[in-house]
Amino acid sequence: MNAAVFHALGDPTRLKIVSRLCRDGLQPLGHLTEGLGMSRQAATKHVRALQGAGIVDMEPRGRECVCRLRAEQLRQAELWIAGLAAEWETRLEALKALVES
């Protein structure tokens, strides 16, 4: 699992950006960050952090950049977390069995 994914998702603004991309799909950078109260430069910085983690693709289209979610990285994170949850469930069941015996 790539720790950069969790680092990128650890920022509340980036989580909002990812949520918007999940909900609305492909979007120009200006629309994606509308209402988040930041400059275009700050928005670009956040999207580039997501791009560096492999979560978002950003491509120029004329004078605008369009952002697209790369769901595979999120699926990988989901699988990793599910594996941890299963491991803890196994440990808790073993502890329960020990306490009850």
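Coordinate-derived values only; no laboratory data. Worth saying up front: this structure is predicted, and the values here are computed from it rather than measured. FYI the Cβ positions are ideal-geometry reconstructions off the backbone, even for glycines, and counts take in every protein chain you see.
Roughly how big is the chain's charge dipole about its Cα centre, with Cβ charges of +1 (Lys, Arg) and -1 (Asp, Glu), in debye to the nearest 20?
Once rounded to the nearest 20, the dipole reads 560 debye.
Per DSSP H run of at least 4 residues, take -39500 (n - 2.57); add these up for the chain, divide by its residues and hand me the 222 nm value, nearest 500 deg cm²/dmol.
Result for the chain: -21000 deg cm²/dmol, rounded to the nearest 500.
Enumerate the helices in the chain for which the Kyte-Doolittle hydropathy averages -0.5 or more and the C-alpha atoms extend at least 24 Å along the helix's axis, using complete DSSP H runs.
71-100
Quickly rank 77-87, 42-52, 2-12 as a protection proxy: mean count of other C-beta atoms within 10 Å, highest first.
42-52, 2-12, 77-87
Expected output is a single nm value to one decimal: the length gained when fully extending between MET38 and MET58, i.e. 0.36 nm times separation in residues minus the C-alpha distance. What is it?
My answer for the length gained is 5.4 nm.
Please arrange ASP24, ASP57 by how many other C-beta atoms lie within 10 Å of their C-beta, fewest to most.
ASP24, ASP57
Mean projection of the alpha-carbon convex hull of the range 1-75 over all orientations, in nm²?
Convex hull of Cα atoms, orientation-averaged projection: 4.6 nm².
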